[in-house]
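To start, the structure itself, in structure tokens.
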Ligand code: OXD
Ligand code: MN
């Protein structure tokens, strides 16, 4: 499938270190052509037109420049079991689980790949040998695209420069939305040492012609998929999947996995966190970061429209990833390394996230959503009345005529919109600031139907790190897990750690021991408590979450009191400084001794099973102290 009629296949203008890399990979992958991307509008439109003609995307008639792609049903989410960090030394990346490593029975997963619940590891040389085989001739009949891109604002000292080689035009047009992609980046590269450029290689893994029963519009190779990272070489190599989290290497692979490893080495933090600016009714502004596991509402919180307390304003800087550095004055500052949103579509509606819904009606690439016969998008929870008078027919993500009676969703639960950040109407004025924004509070959260209160504040930095370490949440469709089991997801980073979780905790703790830092306070929220009898959510969530942010805000300005519980500080309901703006069901702030004793047991078991001797003493003693406080309750 030749996409590019006027390919720029000259090496001129490529910095020599990138030229060598590109030449080496062309030799290995044997594409029929190559194209060096410049990130221009013209190039983008040519690619979209060619993809439309080939049936890879369909134009959505109701909107301006919006397209829909539907995937092979086997390639719909991140594949954590095949995502690997490769180094020389295993302990740099994972701890040996108490129960030992599972035996790999799938012949397509390398047998020496070590899987753990906190990430997978394999020896660099062994993995490179396997990848060499997979990439040998893998781009035959396809064009190799060279994508120069930057993670973080241009001219920020905190940004990173990268190049991705891919044989997927879907990846090119998506990377143009999600990152700062431009040929100017090649000029920036000239000033860098070659080893400072992150090199990414991606292939859908289906050379042409193929006799495999493969979708021509979504080629992928699920059996052979491997998403690999080489922090010691600043390299990412991704094979077999075209799905965003696996193929858009700037996002999870670079900004989180390679990013966290760089952050450890260079003394900063790369986190799975949204960044939001909040202005209170008195006009005081504070910035927050918040970590929730995938598909738990980070995008909705980042674009919150306040309900319940007049006068608040929320502005968005990012919805998924924060890179944070302490500045010379000791303040933690955050930049968003991304340039777009790759948000979960289902559940996005006028009432849950009007900003996102408005934003996606132009220049958006949708993946695996459904389409109405009117040329509009459709997904579960979009809020349109499909039983109303006008009933357009709906084409599901599986490209079949859909009705509720089929008993399966019209849009895949992990379907996405991919939209530039510049289209967000509540963008913070500082969203592109090279220095980032000063962070006053860090918020952790998860989907916990029972036991975890709506909000609590940690006692201090070390306790806050323990709160992050002990996060758990219901599984969602963002990865390959089935059902709603409660999974440990420390710092919402479980699928994204680039190095050993024990050292990651020590890194976080180290900031608590440095003099002169203004450490943000750390909170934990849970919007998802349910009534055990009715199974209804106890908290309205969405816009009303401002009432919880308001409490945090007033804690930081010394205006709200709190009462001490064994797990942390919770709003004092009996005085007027409790959660403002309406009634709060007392069940939302209850702390049950039995629940938390069980939670401690689960944490102890998890740490013993998965972190063992790499667990910092401080975290162990925080757990002991929590148990002690509970025993006195
Ligand atoms: C995402 C994820 O796509 O976390 O952001 O899976
Ligand atoms: Mn995410």
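The residues of the stretch 266-287 that are within 19 Å of residue 340 (Cα to Cα) and either more than 16 Å from ligand 2 (Cβ to nearest atom) or without any contact (Cβ under 8 Å) to a residue 40 or more places away in the chain (or both) amount to a single one, 277. Checked against the criterion of being within 15 Å of ligand 2 (Cβ to nearest atom), touching a residue at least 40 places away in the same chain (Cβ under 8 Å) and in contact with a helix residue (DSSP H, G or I) (Cβ under 8 Å, 6 or more places away or on another chain), the candidates 497, 501 yield just one match: 497.
Within the stretch 322-367, can you find the residues that are part of a loop (DSSP other than H, G, I, E, B), within 16 Å of ligand 1 (Cβ to nearest atom) and touching a strand residue (DSSP E or B) at 6+ places or on another chain (Cβ under 7 Å)? Write out each step before concluding.
Looking only at the stretch 322-367, we keep the residues that are part of a loop (DSSP other than H, G, I, E, B), and these are 327-330, 336-339, 345-353, 360-361, 363-364.
Then drop every residue that is not within 16 Å of ligand 1 (Cβ to nearest atom), which leaves 336-339, 345-348, 353, 360, 364.
Those that are part of a loop (DSSP other than H, G, I, E, B), within 16 Å of ligand 1 (Cβ to nearest atom) and touching a strand residue (DSSP E or B) at 6+ places or on another chain (Cβ under 7 Å): 336, 337, 338, 339, 345, 360, 364.
Going residue by residue through the stretch 102-109, is there one that turns out to be part of a loop (DSSP other than H, G, I, E, B) and over 30 Å from residue 472 (Cα atoms)? It would help to see each step written out before you state the result.
Taking the stretch 102-109 and keeping what is part of a loop (DSSP other than H, G, I, E, B), we get 102-109.
After this cut, where a residue has to be over 30 Å from residue 472 (Cα atoms) as well, the list is 107-108.
Within the stretch 102-109, one or more residues are part of a loop (DSSP other than H, G, I, E, B) and over 30 Å from residue 472 (Cα atoms).
So, residue 318, is that one more than 11 Å from ligand 2 (Cβ to nearest atom), at pLDDT 95 or above and surrounded by 22 or more Cβ atoms within 10 Å (Cβ to Cβ) or not? No.
Taken together, the residues in the stretch 520-550 that are under 19 Å from residue 460 (Cα atoms) and either surrounded by fewer than 22 Cβ atoms within 10 Å (Cβ to Cβ) or in contact with a helix residue (DSSP H, G or I) (Cβ under 8 Å, 6 or more places away or on another chain) (or both) amount to 5.
Within the stretch 339-355, being closer than 17 Å to residue 301 by Cβ, touching a helix residue (DSSP H, G or I) at 6+ places or on another chain (Cβ under 6 Å) and within 16 Å of ligand 2 (Cβ to nearest atom) holds for 342, 343, 348, 353.
Restricting attention to the stretch 27-40, report how many residues are part of a helix (DSSP H, G or I) and over 30 Å from the mean Cα position of the chain (by Cα).
So the first thing to find is which residues in the stretch 27-40 are part of a helix (DSSP H, G or I), and the list is 27-29.
Next, from what is left, pick out any that are over 30 Å from the mean Cα position of the chain (by Cα): 27-28.
The number of residues fulfilling the criteria is 2.
Which members of the stretch 555-578 meet the condition of being closer than 21 Å to residue 518 by Cα and free of Cβ contacts under 8 Å to residues at least 40 places away in the same chain? Listed by number, the residues that qualify are 558, 559, 560.
Has the stretch 58-71 got at least one residue that is surrounded by 14 or more Cβ atoms within 10 Å (Cβ to Cβ), assigned to a loop (DSSP other than H, G, I, E, B), at pLDDT 95 or above and over 29 Å from the mean Cα position of the chain (by Cα)? No, every residue in the stretch 58-71 fails to be surrounded by 14 or more Cβ atoms within 10 Å (Cβ to Cβ), assigned to a loop (DSSP other than H, G, I, E, B), at pLDDT 95 or above and over 29 Å from the mean Cα position of the chain (by Cα). Residue under question is residue 78, and the condition is that it be outside any helix (DSSP H, G or I) and over 27 Å from the mean Cα position of the chain (by Cα); does it hold? Judged against the criteria, residue 78 is not a match.
Does residue 262 qualify as being under 18 Å from the mean Cα position of the chain (by Cα), modelled with pLDDT of 95 or more and within 16 Å of ligand 2 (Cβ to nearest atom)? Criteria not met by residue 262.
Would you mind stating whether residue 448 is within 16 Å of ligand 2 (Cβ to nearest atom) and either assigned to a helix (DSSP H, G or I) or in contact (Cβ under 8 Å) with a residue 12 or more places away in the chain (or both)? Walk me through how you get there before you give the answer.
On the way: within 16 Å of ligand 2 (Cβ to nearest atom): no; either assigned to a helix (DSSP H, G or I) or in contact (Cβ under 8 Å) with a residue 12 or more places away in the chain (or both): yes.
So residue 448 does not fit the description; no.
One residue alone among 176, 257 is more than 16 Å from ligand 2 (Cβ to nearest atom), under 18 Å from the mean Cα position of the chain (by Cα) and touching a residue at least 24 places away in the same chain (Cβ under 8 Å), and that residue is 176.
The values are calculated or read from the model by the stated rules, or taken from the named source; none is laboratory data. Remember, it's a predicted structure, so these values are computed and weren't measured experimentally. With ideal geometry, Cβ positions are generated from the backbone for all residues, glycine too; neighbour counts draw on all protein chains shown.
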